1. Could you list, in sequence order, the residues of segment 222-268 that are of a type in the set (A, V, I, L, M) and either more than 16 Å from the ligand (Cβ to nearest atom) or closer than 24 Å to residue 326 by Cα (or both)?
2. Against the conditions (1) more than 27 Å from residue 113 (Cβ to Cβ); (2) part of a helix (DSSP H, G or I); (3) without any contact (Cβ under 8 Å) to a residue 40 or more places away in the chain, where does residue 304 fall short? Just the number, please.
3. Which members of segment 269-296 meet the condition of being more than 16 Å from residue 240 (Cβ to Cβ) and not in a loop (DSSP other than H, G, I, E, B)?
4. Considering only segment 64-158, give the strands (runs of 3 or more DSSP E) lying wholly within it that have at least 1 residues that are surrounded by fewer than 19 Cβ atoms within 10 Å (Cβ to Cβ).
5. If we scan segment 183-206, do we find a residue that is modelled with pLDDT of 95 or more, in a helix (DSSP H, G or I), in contact with a His (Cβ under 9 Å, 6 or more places away or on another chain) and not assigned by TED's automatic domain parsing to the domain that holds residue 311?
6. Among the candidates 271, 297, which residue alone is in contact with a strand residue (DSSP E or B) (Cβ under 9 Å, 6 or more places away or on another chain) and away from the ligand (no atom under 16 Å from the Cβ)?
7. Only one of these conditions is not met by residue 212: (1) away from the ligand (no atom under 12 Å from the Cβ); (2) under 30 Å from residue 369 (Cβ atoms); (3) in a strand (DSSP E or B). Which number is it?
8. Give segment 307-345 a look and list any residue that's among the small types (Gly, Ala, Ser) and either surrounded by 18 or more Cβ atoms within 10 Å (Cβ to Cβ) or assigned by TED's automatic domain parsing to the domain that holds residue 121 (or both), or say none.
Amino acid sequence: MKSEAFRRKGQSSLARFREMSLDVPLCLCASVVDNPVARRFREMVWMCRPPWGILIVQMKPTSSHRIAIVDTHTGGEPTRVVTSGGPPLGAGQLSERRDRFQREFDRFRSAIVNEPRGSDVMVGALLCEPVDRSCAAGVVFFNNVGYLGMCGHGTIGVVVALAHLRRLEPGEHRLETPVGVVTAALHPNGEVSVGNVPSYRVQKAFTVDVPGLGPVTGDVAWGGNWFYLVEKSDWNLGLGNVDALTDFCWRVRQAVNAQGFPQVDHVELFGPPTLPGADSRNFVLCPGKAYDRSPCGTGTSAKLACLAADGKLAEGAPWVQESIIGSTFTGTFRRQADRVLPTITGAAFVNAESVLLLAEPDPFCWGIRH
Ligand code: PYC
């Protein structure tokens, strides 16, 4: 029974519903059917007819979406791997599916990684059917504000999650991402070596004028995401300094975006290492203002591209990158024409296996959006 009030134009939905005389069969029907119209209907009933609303909500506790996840962390940086129940992105290239995710299902991104289920630091990894059948899986990475081309710590997390689920054995694997196929070797000791996409520096020593701070110089490089790597900094890269580091990097990013490189969404600072055997310590500010707890796989790839371009690191030689919390990745590279092929090795650990419940009457069902 579709009420005439549904079809009437020129009135707000709320007003239309207020005029409606709801009957029990209609309410019962809307309470069990799970489609966008029924969901909207339940919301409206909840708002304007409390007695029926309460009745309906009690009859169906509205777990409209169930999203299965495995949570991991890689050097302290979390990855939430979505194993089922994610948005239906269809077939096609991973980049097309990432675009569809963004265009049509962005609320899933926010529901999965943002508060109250996640946090600003959480990176999501949606597993997809790969187009290239030689790949173990396709994966779309996302965060508190959008989507990532690639994610090094996330790839390590995905491989460890798949091994935990017994979907991968130790050995060489391939994964499809929106920016290309990466390789991932799961070692018997649990570490993972990611063969990242070709990485390169596009601009050496690009100086920006940062309002209130003055000139800052750094390199612009691609490592699967776009980075601005600040050349010199006297910053103390300590956890006690995170607020000041965040503020500095955020201002630098605005200047870099406004003064020539709008695509840059990560800013990286380097300082002396604190761990024996490490080459450098870093601080990486991610697109949504969270700092990377890991040394950042794509950021380390961008760093390798710069070191290679400057002749400061030999092909095959290890670069041990320490993060601001003292976790490490080891990077090496091979040259391929004017690019480098980085390999990033690190470890991840499974934290949780869980099911996210998205119940639409919850006003924050789709996450607290930025
Ligand atoms: O490890 O590549 C990475 C990464 C990117 C953003 C956060 N982590």
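The values are calculated or read from the model by the stated rules, or taken from the named source; none is laboratory data. Note that the structure is a prediction, hence the values are computed from the model and not measured. In this analysis, Cβ positions are derived from the backbone assuming ideal geometry, glycine residues included, and neighbour counts consider all displayed protein chains.
1. Here is the first cut: in segment 222-268, the residues of a type in the set (A, V, I, L, M) are 229-230, 237, 239, 242, 244-245, 252, 255-256, 258, 264, 267.
Passing the criteria: 229, 230, 237, 239, 242, 244, 245, 252, 255, 256, 258, 267.
2. Evaluating residue 304 over (1) more than 27 Å from residue 113 (Cβ to Cβ); (2) part of a helix (DSSP H, G or I); (3) without any contact (Cβ under 8 Å) to a residue 40 or more places away in the chain leaves (3) as the failure.
3. Within segment 269-296, the subset more than 16 Å from residue 240 (Cβ to Cβ) is 270, 272-273, 275-280, 282, 284-290, 292, 294-296.
Scanning segment 269-296 gives 270, 280, 282, 284, 285.
4. Values: elements: 65-74, 77-84, 123-128, 137-142.
Because the criterion is at least 1 residues that are surrounded by fewer than 19 Cβ atoms within 10 Å (Cβ to Cβ), the strands (runs of 3 or more DSSP E) in segment 64-158 that meet it are 65-74, 77-84.
5. Of all residues in segment 183-206, those modelled with pLDDT of 95 or more come to 183-206.
Add one more test, that the residue is in a helix (DSSP H, G or I), and what stays is none.
No, every residue in segment 183-206 fails to be modelled with pLDDT of 95 or more, in a helix (DSSP H, G or I), in contact with a His (Cβ under 9 Å, 6 or more places away or on another chain) and not assigned by TED's automatic domain parsing to the domain that holds residue 311.
6. Working: 297 fails: away from the ligand (no atom under 16 Å from the Cβ).
Every option except 271 fails the conditions.
7. (3)
8. Of the residues in segment 307-345, the ones among the small types (Gly, Ala, Ser) are 308-309, 311, 314, 316-317, 323, 326-327, 331, 337.
Listed by number, the residues that qualify are 308, 323, 327, 331.
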